[in-house]
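Before any comments, here is the structure.
The values are calculated or read from the model by the stated rules, or taken from the named source; none is laboratory data. Treat the numbers as computed from the prediction; the structure is a model and nothing was measured. We place every Cβ from the backbone using ideal geometry, glycine too, and count neighbours over all the protein chains shown. All accessible areas refer to the heavy atoms of the entire protein, side chains included, with ligands and DNA or RNA removed. Shrake-Rupley method; radii C 1.70, N 1.55, O 1.52, S 1.80 Å.
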Amino acid sequence: MGNNKSTVTGKYIIGVGTGSFILAIIFSIVSETLTRKINSLYLSFTILILIILIGIIADVIGTAVTAATEAPFHARASKKVPGAQQGVALIRNADKVANIANDVIGDIAGTVSGALGISLVVQIITYQQNLDQLLLNILITGLIASLTVGGKAAGKRLAITRANEVIFTVGRLLAGLEKITGIKLGKKSRGPKYK
């Protein structure tokens, strides 16, 4: 593991718990609205796949950040490579990053994909009223579960075998966002540096 020191504090736990509660309410409202408003099977299925992909990508990031090591990022940071400093910050806050990616984003993605699955069942039954709703529910639930679990299994393999590359890619994306917005997305770490 790249970092075995926890940066989680009581204040962080309360903050992430409150934030998760608010996000869950927002996404529940959004998914309920989507369930009622989307009338296109193609659009519903596309959104469902995107939500599942978001959950898988978040899981890859959450796993990779716990397996990545700081040393290669320091070499890049000394050469002012964009994304290296952000990579160091991600690794030094691995427990928080993993919690947000795996638990907060992952659980919300699971909830929303479940709601969209219900929307798909309702829409399919509307078009094909002779189908068995219970059987369709089981099949859609199975499809969502297999795509999510299978995708996360493949993602974990990537995250563990190429952890530094994954975190460097995320770091570069964060550096790009910082450059575009002018907003620093994370505090600079004060942990020890490699010489």
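Please state which one of Ala67, Ala84, Ala24, Ala98 is over 30 Å from Glu165 (Cα atoms) and surrounded by 15 or more Cβ atoms within 10 Å (Cβ to Cβ).
Exactly one residue qualifies, and that residue is Ala24.
Within the stretch 32-46, restricting attention to residues that are surrounded by 15 or more Cβ atoms within 10 Å (Cβ to Cβ) and over 21 Å from the mean Cα position of the chain (by Cα), which residue is nearest to Leu90 (Cα to Cα)?
Ranking the candidates gives Thr35 first.
Could you please let me know if Thr66 is of a type outside the set (Lys, Arg) and either modelled with pLDDT of 85 or more or in a helix (DSSP H, G or I) (or both)?
Against the criterion (of a type outside the set (Lys, Arg) and either modelled with pLDDT of 85 or more or in a helix (DSSP H, G or I) (or both)), Thr66 qualifies.
May I ask you to say which residue of Val16, Val8 is in contact (Cβ under 8 Å) with a residue 40 or more places away in the chain, aliphatic (A, V, I, L, M) and not in a helix (DSSP H, G or I)?
Val8
Examine the stretch 64-76 for a residue that is without any contact (Cβ under 8 Å) to a residue 12 or more places away in the chain and either over 17 Å from Thr169 (Cα atoms) or out of contact with any Leu (no Cβ under 9 Å at 6 or more places or on another chain) (or both), and state whether such a residue exists.
There is at least one residue in the stretch 64-76 that is without any contact (Cβ under 8 Å) to a residue 12 or more places away in the chain and either over 17 Å from Thr169 (Cα atoms) or out of contact with any Leu (no Cβ under 9 Å at 6 or more places or on another chain) (or both).
Taking Val88, is it part of a helix (DSSP H, G or I), farther than 23 Å from Thr148 by Cα and hydrophobic (A, V, I, L, M, F, W, C)?
Here the answer is yes, as Val88 does meet what is asked.
Working carefully through the options Ile54, Ile49, Ile91, Ile61, find the one that is modelled with pLDDT of 85 or more, open to solvent by 80 Å² or more (accessible area, probe 1.4 Å) and under 24 Å from Arg157 (Cα atoms).
Ile54
Which of the helices (runs of 4 or more DSSP H) contained wholly in the stretch 105-184 include at least 2 residues that are surrounded by 19 or more Cβ atoms within 10 Å (Cβ to Cβ) and hydroxyl-bearing (Ser, Thr, Tyr)?
106-127
Looking at Thr161, Thr148, Thr111, which is the one that is within 29 Å of Thr69 (Cα to Cα), of a type in the set (S, T, N, Q) and within 16 Å of the chain's Cα centre (by Cα)?
Thr148
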